[in-house]
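Before any comments, here is the structure.
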Number of protein chains: 2
Amino acid sequence: MRLRDTSEGEFLRAVRQTLGGAGGRVCLGIGDDAAVLDCPPGRSLVLTCDAAVEGRHFRREWFSHREIGERAVRCALSDLAAMGAEPVAVLLTLIVSPEEDEVAARAVVEGAAAASAEFGARLAGGETVGAQGPLVLDVAAAGLVRTGRELRRSGAQPGDVIAVSGTLGDAAAGLAALRAGLGGPEATAVIRRYKVPQPQVALGVLLAQCDGVHAAIDISDGLLMDAGHMAEQSGVGIELFADALPLSPACEAVARELGVQPSAWALGGGEDFELLVAISPLEFGRVHHRAKQDCALELLGIGQVTEGHGVRLTGPDGTDLASPAAGWDQFRSS
Amino acid sequence: MRLRDTSEGEFLRAVRQTLGGAGGRVCLGIGDDAAVLDCPPGRSLVLTCDAAVEGRHFRREWFSHREIGERAVRCALSDLAAMGAEPVAVLLTLIVSPEEDEVAARAVVEGAAAASAEFGARLAGGETVGAQGPLVLDVAAAGLVRTGRELRRSGAQPGDVIAVSGTLGDAAAGLAALRAGLGGPEATAVIRRYKVPQPQVALGVLLAQCDGVHAAIDISDGLLMDAGHMAEQSGVGIELFADALPLSPACEAVARELGVQPSAWALGGGEDFELLVAISPLEFGRVHHRAKQDCALELLGIGQVTEGHGVRLTGPDGTDLASPAAGWDQFRSS
């Protein structure tokens with residue numbers, strides 16, 4: 001059945017039955033004019049929104065409808081992770097053609113609900129608009145952080161270690177593998193990193209509790225660009241060590257197969273959703289240990305904060321290398 | 001200059017300069033991975049989202065870019081008003097063609113910021129996506145309400161007075177006047193109600209403080225449909241008195257000019273954004289007085305809550321009238 005043969009009321013009733021109502025810190029969920037969230041004393045609310053537009057952020061032929069919903073929420077939750085916030089609630093705006101299959105539209109919502117639940121949040125509301133054009137998901141995500149402990153982009157200090165929470169370039173490799181129609185275990189591995197990004201929620205919450213963590217950002221636009229955001233907002237420079245870029249064997253294998261430099265993906269690819277963190281050198285060892293112990297994650301030192309401004313990529317002897325990629329810009333074609 | 005000739009970074013820098021940073025209960029505004037809001041003890045956070053899609057919710061030829069941004073925020077704030085929440089922060093997702101003029105895109109954001117400020121909130125973040133297709137604004141709005149005092153749709157009780165905060169049908173009359181190309185003072189008046197909706201924020205905040213206010217909803221889909229939502233979620237019936245429908249002289253004049261029954265607009269038109277409220281008959285007088293005194297608004301009794309279910313429209317002698325209009329449904333054409 002197409003959406004135009006049902007009504008918004010029937011669709012929302014079906015959605016509500018799947019999702020249930022309030023719970024956790026959500027006092028009032030889907031079905032009223034707005035959601036109501038409990039905010040305990042000593043916590044601040046962290047709020048973000050993130051859109052996924054068909055043709056720009058995803059292609060239907062690569063994703064099931066459920067996966068489209070899951071991915072949109074995972075990307076939005078990465079912003080909460082970058083602030084050190086615990087996810088509480090997600091609202092989903094869905095702009096969908098009236099010609100869309102009703103079961104498919106529900107699968108998008110169910111995927112969004114499942115991804116929310118996986119990270120401790122609830123799908124607590126949203127809106128559905130029937131309109132021609134690309135399928136659009138816009139996710140508003142709310143989380144809680146201890147007041148004054150949120151991780152900002154702006155606190156990096158000269159001398160800080162620049163660390164990253166995992167390998168880079170995998171998502172770009174996955175996208176390239178999808179475009180080239182590659183198969184095999186390596187391609188499958190990086191395609192999964194592209195299709196099912198992992199917001200580093202547990203790590204973000206941990207980092208917000210650690211002393212010496214001065215700044216954080218999630219790598220959504222690409223390492224060079226996101227490091228640039230941190231540098232600009234902190235009023236510092238950032239030096240990245242070219243030979244320290246963490247590449248996965250799968251990413252390197254796919255790069256070989258496609259005749260591409262994997263470092264270009266690691267520097268400019270984006271959508272890896274690892275956290276980039278500036279940590280005091282005096283605390284780096286302790287933070288590194290806790291990340292390993294509590295989150296089973298290896299924080300990899302890939303650079304340092306300097307005086308000055310901008311991002312420099314340096315070789316083993318400290319000389320500047322040309323930056324091979326600029327990262328993702330919303331207004332220019334990919 | 002078109003957006004494709006600028007970069008997202010430059011665009012956001014320009015936006016940030018216009019908007020300024022934190023303030024009020026916004027501890028951290030535009031420029032980080034997410035916004036951070038202060039939530040004082042004893043308050044809950046109210047969160048909603050509302051989308052405006054070109055061709056579905058607005059036409060470019062009727063609005064300036066600034067007005068498009070203003071209207072989207074006003075509509076979203078109406079959801080907060082219906083919950084009795086004080087607006088705190090607004091996030092704007094803007095999906096816009098790379099061919100769009102950069103100044104025009106900035107005007108949309110400036111309009112959103114201005115409408116936020118008018119109601120005590122700040123534009124605290126958002127996202128801009130360059131993509132072909134209709135211009136899309138999705139507004140996430142956050143507000144605060146005293147914990148446990150939010151106005152829900154679900155509390156109406158048999159015997160309650162059903163009241164509305166202003167005249168109905170004006171927005172639909174305004175839309176019809178725009179479509180017909182009408183001029184003159186009456187058309188201008190209702191066109192303004194369509195183009196510049198008034199979220200009843202002050203009234204909502206007042207009602208959340210009053211005893212005996214059992215349920216509220218904003219009239220966005222049309223009186224019949226929104227009364228139906230309240231009836232369904234409260235598990236009651238609602239009787240509306242046909243001869244009590246509040247119509248403005250301007251609405252009646254435009255209806256005469258177009259040969260339309262104005263009651264059809266009042267019942268099914270939607271987008272008036274008045275509040276529909278269920279109030280205990282024992283408290284109605286007091287609430288009515290306070291609304292007049294504090295908000296200069298006349299709460300008009302237009303019906304009552306009954307046992308049973310569904311919405312009935314009755315004549316002066318209590319007989320059922322046929323419902324002439326069903327209200328707005330997202331998946332069917334307007």
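What follows draws every value from the coordinates through simple rules; no lab data is involved. Since we're looking at a predicted model, the values are computed, not measured. Backbone-built Cβ (ideal geometry, glycine too); neighbour counts: all protein chains shown.
Some notes on this structure:
- Across peptide B:48-57, the mean count of Cβ atoms from other chains lying within 10 Å of each residue's own Cβ comes to 6.
- Helix A:8-19 axis, angle to chain A major axis (alpha carbon atoms, nearest 10°): 60
- Distances in nm from B:Arg286 to the matching label points in the other copies, shortest first (labels 7 Å along Cα to Cβ): 5.6
- Rel. contact order, % - alpha carbon contacts under 8 angstrom, at least six apart, chain A: 21
- For chain B, calculated [θ]222 nm from helices alone, where every DSSP H run of n ≥ 4 adds -39500 (n - 2.57): -11500 deg cm²/dmol
- Each principal axis of the Cα cloud of chain A was taken in turn, and the coordinate range along them, longest first, works out to 66, 52, 34 Å.
- Charge dipole of the protein assembly as shown about the Cα centre (unit charges at C-beta), most positive-ward option of A:Gly308, A:Leu240, B:Gly24: B:Gly24
- Residue with peak Gaussian network fluctuation, chain B [Cα springs, cutoff 10 Å], from B:Glu118, B:Glu232, B:Glu186: B:Glu118
- Shielding by partners, peptide B:151-163 (average Cβ within 10 angstrom, other chains): 1
- Once the Cα atoms are used to define both axes, helix B:284-295 deviates from the longest principal axis of chain B by about 30 degrees.
- Cα-derived Rg over Rh, computed across the protein assembly as shown with Rh taken as Kirkwood radius: 1.00
- Computed over region A:182-334, the P(r) tail beyond 20 angstrom holds 53 percent of alpha carbon pairs.
- About the Cα centre, charge dipole magnitude for the protein assembly as shown (Lys/Arg +1, Asp/Glu -1 at Cβ), debye: 460
- Here's how it looks for B:Thr306: its modeled amide H is under 5 Å from those of B:Gly159, B:Gly237, B:Ile238, B:Glu239, which are all 5 or more places away or on a different chain.
- Between the beta carbons of A:Ala296 and A:Thr188, assuming R0 = 35 Å, the FRET efficiency works out to 0.95 to the nearest 0.05.
- Most mobile listed residue (B:Leu299, B:Leu168, B:Leu282) in chain B, GNM with C-alpha springs under 10 Å: B:Leu282
- 22 Å tail of the calculated P(r), region A:63-183, as % of Cα pairs: 49
- Charges were assigned to the Cβ only: +1 to each Lys and Arg, -1 to each Asp and Glu. The resulting dipole of region B:161-321 about its Cα centre is roughly 440 debye.
- Inter-part distance, region B:131-179 to region A:265-285, computed on C-alpha centroids, equals 43 Å.
- In nanometers and ordered shortest first, the copy-to-copy spacing of the B:Arg4 label point, defined 7 Å from Cα toward Cβ, is 3.0.
- The long axis of helix B:223-234 is offset from the longest Cα principal axis of chain B by roughly 80 degrees.
- Shortest-first distances to equivalent copies, position B:Gly301, nm, label 7 Å out along Cβ: 7.7
- Of the residues A:Thr6, A:Thr48, A:His214, the one whose Cα sits farthest towards the positive end of the charge dipole of chain A is A:Thr6 (charges of +1 on Lys and Arg Cβ, -1 on Asp and Glu Cβ, taken about the Cα centre).
- Applying the Karplus relation 6.51 cos²θ - 1.76 cosθ + 1.60 with θ = phi - 60° to region A:311-318 yields 3J(HN,Hα) values of 10, 10, 9, 10, x, x, 8, x Hz, where x marks Gly and Pro.
- Taking the Cα centre of chain B as reference, the dipole from Cβ charges on Lys and Arg (+1) and Asp and Glu (-1) amounts to some 440 debye.
- Peptide A:77-87 has a mean shielding of 2, counted as Cβ atoms of other protein chains within 10 Å of each residue's Cβ.
- Taking the convex hull of Cα positions in region A:1-135, its mean projected area over all directions (nm²): 8.1
- Annotation for region B:1-109: GluC sites (Glu not before Pro) lying in DSSP loop with at most 16 further Cβ atoms inside 10 Å of their Cβ are B:Glu99.
- Rounded to whole Hz, the Karplus (6.51, -1.76, 1.60) HN-Hα couplings of region A:236-241, x for glycine and proline: 9, x, 10, 9, 10, 8
- Among B:Ala140, B:Ala189, B:Ala131, the residue with the largest mean-square fluctuation in a Gaussian network model of chain B, with springs joining Cα atoms closer than 10 Å, is B:Ala131.
- Cys residues of chain A counted as unpaired, since no other Cys beta-carbon is under 4.7 Å: A:Cys27, A:Cys49, A:Cys75, A:Cys210, A:Cys251, A:Cys295
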